[in-house]
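Engineer: Starting off with a structure, shown below.
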Amino acid sequence: MGIVGIIYNKTIWVAILSWAIAQILKIILTFFQQDKLDLSRIYGSGGMPSSHTSLVMALSFSLGKTYGFDSAYFAIAIVLAMVVMYDAAGVRRAAGKQAELLNFLLHHHETAPKEQLKELLGHTPIEVIAGAVLGIAVGLLC
């Protein structure tokens, strides 16, 4: 089957669709919050909703719907989803806060580098929950 199997794998496309919807929502929400069109949100990390969470939850629930919520496939995917959500709201969010503080400190230093560290890395718990709800909905509806 090879590449054809991947192309026709519905579960992959459901996950990608959920990720794409989340990224488009980031552009729309940023536009209404900041009154400007920021197309960099299509590939940027962080923000509302969490596209990483949306992707892994759509994957999980698509597998659950297809193979059963008592299947090993669903179990593997949901454990992966929990790791991704923990990382998004915990580790990456903390890294973003550290970058924000370092940028502030470096900005007030004479020999500060011109390039700033990326601050929008992780997610708030609400952004992760919104991504999870979106992913579950897409996974169950598609």
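Read-outs throughout are calculated quantities, based only on the coordinates presented, and are distinct from any laboratory measurement. Because the structure is predicted, anything quoted here is derived from the model rather than measured. With ideal geometry, Cβ positions are generated from the backbone for all residues, glycine too; neighbour counts draw on all protein chains shown.
Engineer: What is the dipole size for the stretch 1-88, taken about its Cα centre, with +1 at each Lys and Arg Cβ and -1 at each Asp and Glu Cβ, in debye to the nearest 20?
Structural biologist: Values: 5 positive and 4 negative charges, 33 e Å.
Using Cβ point charges on Lys, Arg, Asp and Glu, the stretch 1-88 gives about 160 debye.
Engineer: Quick one: S54, S60, fewest Cβ neighbours within 10 Å first, how do they rank? Before the final figure, lay out each step's value.
Structural biologist: Numbers: S54 30, S60 27.
Going from least to most buried by this count: S60, S54.
Engineer: Within 10 Å of each residue's Cβ, count the other Cβ atoms and sort K26, K65 from fewest upward.
Structural biologist: K65, K26
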